[in-house]
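See below for the structure under consideration.
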Amino acid sequence: MKGFAMLEIGKVGWIEKDKPVAGPLDAIVRPLALAPCTSDIHTVWSGAIGERHNMILGHEAVGEVVEVGSHVKDFKPGDRVIVPAITPDWGSAEAQAGFPQHSGGILAGWKFSNFKDGVFGEFFHVNEADANLALLPDNISPANAVMLSDMVVTGFHGAEMAGVKLGDSVVVVGIGPVGLMAVAGANLMGASHIYAVGTRPKCVEAAKFYGATDIINYKQGDIVEQVMQLTQGKGVDRVIIAGGNNDTFSQAVKILKAGGTIGNVNYLGEGDNIKIPRVEWGVGMGHKQILGGLTPGGRLKMEKMASLMETGKLDTSKLITHTFYGLDSIEKALMLMKDKPADLIKPVVIIEY
Ligand code: NDP
Ligand code: ZN
């Protein structure tokens, strides 16, 4: 079978591989919809996870089951499934401790295009199928559902970590697809003011659709000054970080009220340390919490997020700005993600058989 792969850091291309084999608990799936991710770009062009040779890329997929292992109970060939980006080993100590994302080691619940071939191939392997696949509801299109694999759960995880409560004021830094889902998550969780930080017009328009009450352009002035002005010097209850750089942490601490929480899902690609401003962190006593997490995976999470779409409470279609057809076009979609033109939020690739 063929797949689109990272050949080495900075280099991608098509390769031939053997079709994967399902163990007793696993499934083999062929893709119906795929999406490239900013994380794929970091993997290839920033060397974010270190060197990898001839590893098929991709971790966002909706597909059709073509084969299941002898112990798989709930799925059979022909089932259309949502595949989470993170597919933990559910029996691990880390999963039992409540952090399946880190099953087997820090971030090791992320297997696709990290520890094994990803989903940008004719077929891909899913470990622990009963725990890591979810049936695709009939009334959700594969294109809209592929946003569940990573974008929805990641953005929502930012909102969950930040602990958004009814009436809270929230800043969401970054309104790419992840930040937009953080806005949507904060909105569903009952936030009042949602200050969304970003500039690209398409993203700004979508941020308003998903519940942003104010837009902050970080290129036209300091985020801290703008938030403090908008909140009459009070700051906000929660900050969700889904974009920016290491300085964003300092800004987030400065705009947070005492007792507030930061939920970070942004990838930190540079520097050895993150600076926490001493005075604004209450000289060590401000009860300002900082949490950062990898997106959750697994079946239950996918089913719950899908049910938000089924009931019309979440519409992911506004994230999709570019649609391609056929596995071959994954290359074009990935390069689009790398170049991030101003009119891009997220591309998807639809595969029909
Ligand atoms: P995008 O690149 O599409 O969006 C980034 C956003 O950050 C844009 O809105 C951009 O604004 C904004 N931004 C850039 N620089 C600054 C700055 N200096 N200050 C404030 N805002 C800034 O990324 P994605 O939405 O695809 O992904 C966001 C992050 O989430 C990435 O780091 C990605 O790797 C990570 N990620 C993490 C996962 C997890 O499990 N935790 C899973 C998936 C992704 P502008 O409008 O100007 O472009
Ligand atoms: Zn992703």
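A few remarks follow.
- Test: residue in segment 322-334 that is in a loop (DSSP other than H, G, I, E, B) and closer than 18 Å to ALA206 by Cβ: no
- Residue in segment 298-305 that is within 17 Å of CYS37 (Cα to Cα), within 16 Å of ligand 2 (Cβ to nearest atom), out of contact with any His (no Cβ under 7 Å at 6 or more places or on another chain) and modelled with pLDDT of 95 or more present: no
- MET189 being in contact (Cβ under 8 Å) with a residue 40 or more places away in the chain and on the phi < 0 side of the Ramachandran plot: no
- Given (1) crowded, with 16+ Cβ neighbours inside 10 Å; (2) over 28 Å from SER46 (Cβ atoms); (3) of a type in the set (Val, Ile, Thr), index of the condition VAL283 fails: (1)
- Scan of segment 327-347 for residues that are hydrophobic (A, V, I, L, M, F, W, C) and touching a residue at least 12 places away in the same chain (Cβ under 8 Å), ordered by number: LEU327, ILE330, ALA333, LEU334, LEU336, MET337, ALA342, LEU344, ILE345
- Flag if VAL265 is touching a His at 6+ places or on another chain (Cβ under 7 Å), surrounded by 17 or more Cβ atoms within 10 Å (Cβ to Cβ), closer than 22 Å to THR38 by Cα and hydrophobic (A, V, I, L, M, F, W, C): yes
- Tally of residues being crowded, with 24+ Cβ neighbours inside 10 Å and touching an Asp or Glu at 6+ places or on another chain (Cβ under 6 Å) across segment 92-125: 1
This table checks each residue for (1) basic (Lys, Arg); (2) under 25 Å from SER250 (Cβ atoms); (3) in contact with a strand residue (DSSP E or B) (Cβ under 6 Å, 6 or more places away or on another chain).
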residue	(1), (2), (3)
ALA131	no, no, no
ASP138	no, no, no
MET147	no, no, no
VAL153	no, no, no
LEU166	no, no, no
VAL173	no, yes, yes
GLY176	no, yes, no
GLY179	no, yes, yes
ALA196	no, yes, yes
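- Selected residue (criterion: nearest to ILE140 (Cα to Cα)) from residues of segment 40-78 that are of a type in the set (Ser, Thr, Tyr) and assigned to a loop (DSSP other than H, G, I, E, B): SER70
- Residues of segment 231-249 satisfying the condition of being within 16 Å of ligand 1 (Cβ to nearest atom) and either surrounded by fewer than 17 Cβ atoms within 10 Å (Cβ to Cβ) or of a type in the set (Asp, Glu) (or both): ASN245, ASN246, ASP247
- The listed residue being in contact (Cβ under 8 Å) with a residue 24 or more places away in the chain, surrounded by 24 or more Cβ atoms within 10 Å (Cβ to Cβ), more than 16 Å from ligand 1 (Cβ to nearest atom) and not in a loop (DSSP other than H, G, I, E, B), out of VAL29, VAL12: VAL29
- Answer from LYS332, LYS288, LYS313 - the residue that is of a type in the set (D, E, K, R) and either under 17 Å from ASP40 (Cβ atoms) or within 13 Å of ligand 1 (Cβ to nearest atom) (or both): LYS332
- Meets criteria (within 16 Å of ligand 1 (Cβ to nearest atom), at pLDDT below 95, farther than 21 Å from GLY190 by Cβ and not hydroxyl-bearing (Ser, Thr, Tyr)) for ILE274: yes
The values are calculated or read from the model by the stated rules, or taken from the named source; none is laboratory data. Remember, it's a predicted structure, so these values are computed and weren't measured experimentally. Please note: Cβ atoms are built from the backbone with ideal geometry, for glycine as well, and neighbour counts cover all protein chains shown.
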